[in-house]
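Written out below as structure tokens is the structure these notes cover.
The values are calculated or read from the model by the stated rules, or taken from the named source; none is laboratory data. Just so we're clear, the structure is a prediction, and the values are computed from it rather than from any experiment. We place every Cβ from the backbone using ideal geometry, glycine too, and count neighbours over all the protein chains shown. Areas reflect the complete protein model, heavy atoms only, side chains present, ligands, DNA and RNA absent. Shrake-Rupley method; radii C 1.70, N 1.55, O 1.52, S 1.80 Å.
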Amino acid sequence: MRSFGVIKRLAVALVLGTPAAVGALHIAAAPAYAQSAVIRDIAVNGNRRVDAATVRNYLKFNVGDAYDAGKVDQSIRSLFSTGLFADVSITRTANGVSVTVRENPVVNQVAFEGNSEVEKATLEGEVQLKSRSVYTRSKVQADVQRILDIYRRQGRFAAKVEPKLIEMPDGRVNVVFEINEGGATKVKSISFVGNRAFNDGQLRDIITTSQSGLFDFLKGTNIYDPDRLALDRELLRQYYLKNGYADVRVVSANAELDRDGSGFFITFVVEEGPLFKFGTVNIESKLPGVNIPRLQSDVLTKAGALFDLSALDKSTEQMTLAVSEQGVAFARVRPQTTRDSTGQAINIVYLIDEGPKVYIERININGNQRTQDYVIRREFRLAEGDAYNPLMVERAKKRLQNLGFFKTVEVKRRQGGAQDRIVLDVDLIEQSTGELSFGAGYSTAEGVIGDVSLTERNLLGKGQFVRLRLAGSAERIQIDLSFTEPRFLDRNIAAGFDIFHKGTTKSTTQPFATMKTGGSLRLGFPLAENFWMHTSYTLSYDVIKDVEDTASRAIKEAAKFKDGKTFTSSGGIGLTYDARNHPNTPTRGFFLTAGADLAGLGGDVKYLRTNAEARGYYPVTEKVTFVARAAAGHILGYGGSDVRLLDLFQKGGETVRGFASSGYGPRDLIYQPVAGTYAPGSGDALGGSTYWTTTAELRFPIPLVPDELGISGAVFADAGSLFGAGAEAKKLNTQCGTATPDGSSTGGVCLADSSSIRASVGASLLWNSPLGPLRLDIAKALKKEDYDKTQLIRFGASTKF
């Protein structure tokens, strides 16, 4: 007899449940007479659902064959490989052989218990066992592993799954997966090895994974995810390549689980290499009909500029499009680089030649359960029927990744219906694009402050951005709703609207309450690389109310205009150029912005307001950065209208530290000529029509403070001025009283308005906290007027510059 039933006595075979275990058995040799006997009959026993003919079909011998022990063994393996049987035995009889089988049960129902973090539908879609499928031990073990993989992708490495079998009549079973989800396995620490050009805090801003901390409830990126870690490696590499490090290598991204399984320690190992600049840049063409001079404007890589791989890629893409627009089909642009190691420069030749003559037959989008197809397709600069260009496809893939809607993006190429046709399959895995955040803090200007915001970056799968934000303090409440369509009219134009309401109460710096309600429409579009233009139209309803009796006459007069209730209708235009090497904590580059607002397109007020600002960043050493900032603004009325007090500039410690909020500029005071000083009048800040401000700051790490805390220090010097009071304030001088020899005044008030320089020096403590950048400034005012209001310590949200 040849029997596989003895396999039950082997524990390993019970676990594996596979025919591979057969090889481990010692099957006794059949008697010599049986080896040569002819098989006259094959009997099948024990089968209930499977036909006897089906069983015989898997045997390796037939009636009339000589009995062969080797073929019997092969037959047993063949029957087990079907997955239909739990046990098989083949016995020699007088007339032939008897095949006895015990069938695997049929799954009646698959259930899950204990799953709260993962939906049932997700688990059902992943497991192999389904209702009416054949149950096998190997399938159960494979499904257990699949379920564990789902939880591990969500950062739950402590999850456990135990399958239970409930036997039913007629050879059926219910399978129940009992799940203990465990806690989310968070990232306890993220560190970097080999980074010199950028500190750990700056690189943590670039990657998507974040460290676990006190404010874990505000974010979901502190859960360990291997897929996200792979993305982070690429983000780090791209960041270095954009900032001059052409030889950078992200050697590894290691994630080590601590002993109790509660968290991961992630370490990125980086080899930066030397800093490179662009050397010579030339264009060569092997194709007739290419107008090379017309392509020069598409080249973003300038000789002497810091090496930037993204500029190289964008130049190649723009030139490829430009050549095709010149009517040259199947042209490709290939940048060829040579290195000047001595001068640490990379010379570039853009070579234009002919690519393969292949057309795109079809573009298939897969995996986008939420995001609309057109949102994905518009990131391709190619469509069905166009000439295939691998460069353009790769650029489209990067654009899709940069949207932030997808965890992974893969674009695969396969043969189409003809030799010169291909099909592109775009395989996507979506990720969450919604965010609920809230925070609280303290500011010396407003006291306790807080905000709550709800953000969706892919509204209804259309790629649109919407944010609802509520912020406030004891003196202010603000509500904002913003919406942006990033590809208005299917062009590279960002269009959107804002609806806002802001109310302020009376305070020590403001003897009246205000309310501002309105909305705006805006458009933004690129003029060149890193260069944007913004246009907007704003309509607002402004109210001044609850003016204190002790308030300045200028404020009381301003509140009488239109009974303190006015409409402002204004249009604006702005230009922004951003060449910084980091979005939050730059150490190199510069930022320029300028804008103008014209009010009087209807409404009750008419003015022209202009602003400009420049910021520069220079690395003194690897960890010390010099920052310079200059800003200025001016507002003037036209058409016989004066500028309202509410529209004038108010400046203080946010521009020249060491001064209080609205601490310098025109003010309502009594002047004492004999003493040569000012005595307090109402003391109210009245605003000015012109301001300027400058800052020089040196930022540095604090010794003995770990980089991962995100704390650094700075020393600074500020200077600025605000002058040019409004019409209501200038009327105060007509009421200015005269002084007697003893220094007293005969009555009346004066306008204090000086264009003199205010200056201060100080030191700062900066913290890149989970709630956002916070800053503590200690400053001493060195140059000021007697009537200015100073402030030694200022704490609150950091001003980004």
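Some notes on this structure:
- Test: residue in segment 342-362 that is more than 30 Å from GLN464 (Cα to Cα), open to solvent by less than 20 Å² (accessible area, probe 1.4 Å) and in contact with a Pro (Cβ under 6 Å, 6 or more places away or on another chain): yes
- Residue within segment 563-572 that is within 35 Å of the chain's Cα centre (by Cα) and closer than 30 Å to ALA717 by Cβ present: no
- With respect to the conditions (1) touching a Ser or Thr at 6+ places or on another chain (Cβ under 9 Å); (2) surrounded by 14 or more Cβ atoms within 10 Å (Cβ to Cβ), VAL193 falls short on a single one, namely (2).
- Which numbered condition ALA675 misses (of (1) at pLDDT 70 or above; (2) open to solvent by 30 Å² or more (accessible area, probe 1.4 Å); (3) assigned to a loop (DSSP other than H, G, I, E, B); (4) of a type outside the set (Asp, Glu)): (1)
- PHE198 buried (at least 16 other Cβ atoms within 10 Å of the Cβ) and either in contact with a Phe, Trp or Tyr (Cβ under 7 Å, 6 or more places away or on another chain) or of a type in the set (Ser, Thr, Tyr) (or both): no
- Some residue of segment 641-664 being assigned to a strand (DSSP E or B) and at pLDDT below 90: no
- The lone criterion from (1) in a loop (DSSP other than H, G, I, E, B); (2) closer than 24 Å to THR433 by Cα left unmet by LEU231 is number (1).
- Index of the failed condition, THR371 passing every other in (1) in a helix (DSSP H, G or I); (2) touching a strand residue (DSSP E or B) at 6+ places or on another chain (Cβ under 8 Å); (3) of a type in the set (Ser, Thr, Tyr): (1)
- Test result for ASN115, in a strand (DSSP E or B) and open to solvent by 30 Å² or more (accessible area, probe 1.4 Å): no
- Subset of segment 493-525 [more than 15 Å from ILE479 (Cα to Cα) and open to solvent by less than 50 Å² (accessible area, probe 1.4 Å)]: ILE493, ALA494, ALA495, GLY496, SER507, GLN510, PRO511, PHE512, ALA513, GLY524
- Only residues that are exposed (fewer than 15 other Cβ atoms within 10 Å of the Cβ), acidic (Asp, Glu) and in contact (Cβ under 8 Å) with a residue 12 or more places away in the chain were counted across segment 530-558, and they come to 1.
- Taken across segment 475-492, residues that are of a type in the set (Asp, Glu), surrounded by 15 or more Cβ atoms within 10 Å (Cβ to Cβ), closer than 26 Å to SER437 by Cβ and touching a Leu at 6+ places or on another chain (Cβ under 9 Å) do occur, with at least one present.
- Checking LYS188, LYS130, LYS164, LYS139 one by one, the residue that is among the basic types (Lys, Arg), in a helix (DSSP H, G or I) and either in contact (Cβ under 8 Å) with a residue 12 or more places away in the chain or surrounded by 16 or more Cβ atoms within 10 Å (Cβ to Cβ) (or both) is LYS139 and no other.
- Taking the numbered list (1) within 30 Å of LEU275 (Cα to Cα); (2) in contact with a helix residue (DSSP H, G or I) (Cβ under 8 Å, 6 or more places away or on another chain); (3) of a type in the set (Val, Ile, Thr); (4) open to solvent by 50 Å² or more (accessible area, probe 1.4 Å) in turn, ILE206 passes all entries but (4).
- Qualifying residue in segment 463-474 (condition: open to solvent by 60 Å² or more (accessible area, probe 1.4 Å), in a loop (DSSP other than H, G, I, E, B), within 30 Å of GLU654 (Cα to Cα) and out of contact with any Lys or Arg (no Cβ under 8 Å at 6 or more places or on another chain)): yes
- Residue match in segment 235-257 (condition: part of a strand (DSSP E or B), out of contact with any Pro (no Cβ under 8 Å at 6 or more places or on another chain) and open to solvent by less than 10 Å² (accessible area, probe 1.4 Å)): no
- Against the numbered list (1) without any contact (Cβ under 8 Å) to a residue 40 or more places away in the chain; (2) among the polar types (S, T, N, Q); (3) surrounded by fewer than 16 Cβ atoms within 10 Å (Cβ to Cβ), THR91 comes up short only at (1).
Each row is one residue, and each column tells you yes or no for (1) among the charged types (D, E, K, R); (2) over 18 Å from SER689 (Cβ atoms); (3) surrounded by fewer than 17 Cβ atoms within 10 Å (Cβ to Cβ).
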{"position": "LYS560", "(1), (2), (3)": "yes, yes, yes"}
{"position": "PHE567", "(1), (2), (3)": "no, yes, yes"}
{"position": "PRO583", "(1), (2), (3)": "no, yes, yes"}
{"position": "VAL605", "(1), (2), (3)": "no, no, no"}
{"position": "ASN611", "(1), (2), (3)": "no, no, no"}
{"position": "TYR618", "(1), (2), (3)": "no, yes, yes"}
{"position": "VAL624", "(1), (2), (3)": "no, yes, yes"}
{"position": "ALA628", "(1), (2), (3)": "no, yes, yes"}
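- Residues of segment 603-618 that turn out to be in contact (Cβ under 8 Å) with a residue 40 or more places away in the chain and either under 26 Å from the mean Cα position of the chain (by Cα) or on the phi > 0 side of the Ramachandran plot (or both), as a count: 2
- Among strands (runs of 3 or more DSSP E) entirely within segment 377-452, having at least 1 residues that are surrounded by fewer than 18 Cβ atoms within 10 Å (Cβ to Cβ), hydrophobic (A, V, I, L, M, F, W, C) and at pLDDT 85 or above singles out 406-415, 421-430.
- In the set (1) in contact (Cβ under 8 Å) with a residue 60 or more places away in the chain; (2) within 20 Å of ASP597 (Cα to Cα); (3) not acidic (Asp, Glu), THR514 fails one condition alone, (2).
For (1) under 29 Å from ASN62 (Cβ atoms); (2) within 35 Å of the chain's Cα centre (by Cα); (3) aliphatic (A, V, I, L, M); (4) in a loop (DSSP other than H, G, I, E, B), each residue gets a yes or a no:
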{"residue": "ALA86", "(1), (2), (3), (4)": "yes, no, yes, no"}
{"residue": "ASN108", "(1), (2), (3), (4)": "no, no, no, no"}
{"residue": "LEU123", "(1), (2), (3), (4)": "no, yes, yes, no"}
{"residue": "VAL144", "(1), (2), (3), (4)": "no, yes, yes, no"}
{"residue": "GLY155", "(1), (2), (3), (4)": "no, yes, no, yes"}
{"residue": "VAL173", "(1), (2), (3), (4)": "no, no, yes, no"}
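- Failed item in (1) aliphatic (A, V, I, L, M); (2) part of a loop (DSSP other than H, G, I, E, B); (3) within 60 Å of the chain's Cα centre (by Cα); (4) at pLDDT below 50, with VAL12 passing the rest: (2)
- Members of segment 271-321 that are open to solvent by 40 Å² or more (accessible area, probe 1.4 Å) and among the acidic types (Asp, Glu): GLU271, GLU284
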